[in-house]
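Below you'll find the structure, written out as structure tokens, and then a few comments.
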Amino acid sequence: MKAFHAVLLFAALAGVATCLFEKEHVLVSITLPWIEAKGYCRQNYADLSSINNRGELMKLKNLGTLNTEGWIGLRKKPKETFYTQWSDGAKLKFAEWGTSEVVDYEGTYCVILYQSAFYNVNCSIPLMFFCYTWVPKMIVVPAMMNWEESLNYCRNNYNDLISISTEDDVLAVNKTLINQTSSLWTGLRFMDGLWFWVNQEENVDLSSLPLCPAKPFHCGDVTTGVALNVKDCNEKMSFICY
């Protein structure tokens, strides 16, 4: 049976990460005031580092020495009492304060990481700083398996088969497929009258796919150009895990 094709068109979700990416932090050794450090990170990476859990905190700590002081992405307005969000717009849900979060000194509205703790510092002081970027975490598995075997392999050894849900995903998959000449299984599946991603990512517009594909053409692969193809689930091919 002839495979159906659907070229994916996505609306960009600026600054939003998906399952295909993970945060990577770097310590920038030049010294800048907080606002200039933020600009540097946004121009060369994604933003000043945001920290969402202790594991991420330890990653930043290990980038420097015991006495490294570096800006992170926390800043509040002069009249605000508490910090509420990171410079990338994410809500503040995790913090390890070395001193009180509430400091009344003029200009002390920015935060550094020092010895695994957060400290209020005057925003105009030139300091080193931490930036983060998003890096793809896809793994192309060359073994030839059918769709179900590929799914089990990804879940047993990684997380899942990939989904492609944002414009950033498209760019990451395109980069991965540069040297690929064959199709690769994705987490796209048809069941109970619907196409869906098996990792429960939100569906994008898949209206170009057949509404009632004949069995066993109920699985989706991807080719260069990020075109989705409806394929026989029993066909054996390589696949992409994350």
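So, of the residues in the stretch 56-96 that are of a type in the set (A, V, I, L, M) and outside any helix (DSSP H, G or I), which turns out to be nearest to Leu27 (Cα to Cα)?
Leu63
Identify the single condition in (1) of a type in the set (D, E, K, R); (2) crowded, with 16+ Cβ neighbours inside 10 Å; (3) at pLDDT below 90 that Asp160 does not satisfy, given that it satisfies every other one.
Evaluating Asp160 over (1) of a type in the set (D, E, K, R); (2) crowded, with 16+ Cβ neighbours inside 10 Å; (3) at pLDDT below 90 leaves (3) as the failure.
How many residues are of a type outside the set (Gly, Ala, Ser) and surrounded by 14 or more Cβ atoms within 10 Å (Cβ to Cβ) if we restrict to the stretch 141-157?
9
Answer yes or no as to whether Phe130 is assigned to a strand (DSSP E or B), assigned by TED's automatic domain parsing to the domain that holds His25 and either farther than 25 Å from Ala46 by Cβ or touching a residue at least 40 places away in the same chain (Cβ under 8 Å) (or both).
Answer is yes for this residue.
Between a first residue in the stretch 182-196 that is modelled with pLDDT of 90 or more and in a strand (DSSP E or B) and a second residue that is among the hydroxyl-bearing types (Ser, Thr, Tyr) and surrounded by fewer than 21 Cβ atoms within 10 Å (Cβ to Cβ), which pairs have beta carbons less than 7 Å apart while being 6 or more apart in sequence or on different chains?
As it stands, the answer is Leu184/Ser238, since those pairs meet every condition given.
Kindly establish whether Cys123 is touching a strand residue (DSSP E or B) at 6+ places or on another chain (Cβ under 9 Å) and in a loop (DSSP other than H, G, I, E, B).
Against the criterion (touching a strand residue (DSSP E or B) at 6+ places or on another chain (Cβ under 9 Å) and in a loop (DSSP other than H, G, I, E, B)), Cys123 qualifies.
The values are calculated or read from the model by the stated rules, or taken from the named source; none is laboratory data. Given the structure is predicted, the values throughout are model-derived calculations rather than measurements. We place every Cβ from the backbone using ideal geometry, glycine too, and count neighbours over all the protein chains shown.
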